[in-house]
Amino acid sequence: MPIQPEPAAARGVLSPNAPPHLTSTALAGVRHGFFGREGGVSNGIYASLNAGTGSKDDPDAVVENRRRIAAAFSAEALIGVHQIHSPNVVLATAPWPGERPQADALVTTTPGLVISVLTADCAPVLLADAKAGIVAAAHAGWKGAIGGVLEATVRLMHEHGAKNIAAAIGPTIHQNSYEVGPEFEARFVSENAAYARFFAPGPSSRAHFDLPAFCASRLAALDIDAEILPHDTYAAPQRWHSCRRAAHQGETDYGRDCAAIAL
């Protein structure tokens, strides 16, 4: 079933011609959007709004899809990074003059600059202090989340004047869909025994991990109350791209969702 366009009131201040997207009440008044599969030009396993520059999709289709997302902000382009599942965060002040930096989060204080991250089960996290004039976008898979990407992002925001940060965790793989092995659980619990609360028994002998709740807990430790959007990327094949679902279906590649934000 196709994604239905969000009601006008839910679309924030983006263009009314924007591709279908979700917004967060926590970020009300800040231009942002979580973009999924529909509203683009890609075909096949990438259909249709694939924003993944690292995918094997037709490059021209990806360029057009990204142009449509940027146009929703009345901008010419999205600013992104070469994501490597790290805690690295960069300050973006203008489009990169050359290669994208290797990082997993961006912060900007530059009005009109649309910063973005790509996901396909990992958690996209958008943050803002509208009063201070600063926004951020972070890619938080389990490795980046436990490695400190959210803490690094908030720290850089604070360095540039942020005091009251709002945050939203967008569509990501949820606990019912995220089966993990014992070595995965052991890695978390060995770092902090309290992390056992993010694992629950699954229908098999393996546990299931709650990635969005884990990300929210990391932000809560920084006194930031994050909104978790209740959308499971794995469980909604018509709405969201999913790396894990693609692997389970024997597909050779997958598209990427896009989370974007701008002052």
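The table that follows gives values for the structure above.
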| quantity | calculated |
| --- | --- |
| The range 88-119, subset of a type in the set (Gly, Ala, Ser) and more than 18 Å from the chain's Cα centre (by Cα), residue surrounded by the most Cβ atoms within 10 Å (Cβ to Cβ) | 112 |
| Failed item, numbered, when residue 98 is tested on (1) under 29 Å from residue 178 (Cβ atoms); (2) at pLDDT below 95 | (1) |
| Residue match in the range 136-152 (condition: within 23 Å of residue 185 (Cα to Cα), in contact with an Asp or Glu (Cβ under 8 Å, 6 or more places away or on another chain) and surrounded by fewer than 21 Cβ atoms within 10 Å (Cβ to Cβ)) | yes |
| Qualifying positions in the range 143-172 - out of contact with any Pro (no Cβ under 8 Å at 6 or more places or on another chain), β-branched (Val, Ile, Thr) and farther than 14 Å from residue 128 by Cα | 146 |
| Qualifying residue in the range 6-15 (condition: out of contact with any Cys (no Cβ under 6 Å at 6 or more places or on another chain), at pLDDT 95 or above and within 24 Å of residue 238 (Cα to Cα)) | yes |
| The lone exception for residue 75 - which of (1) closer than 23 Å to residue 232 by Cβ; (2) outside any strand (DSSP E or B); (3) aliphatic (A, V, I, L, M) it fails | (1) |
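The values are calculated or read from the model by the stated rules, or taken from the named source; none is laboratory data. Everything quoted here is computed from the prediction, not taken from an experiment. As a convention, Cβ positions derive from the backbone with ideal geometry for all residues, glycine included, and neighbour counts pool all protein chains shown.
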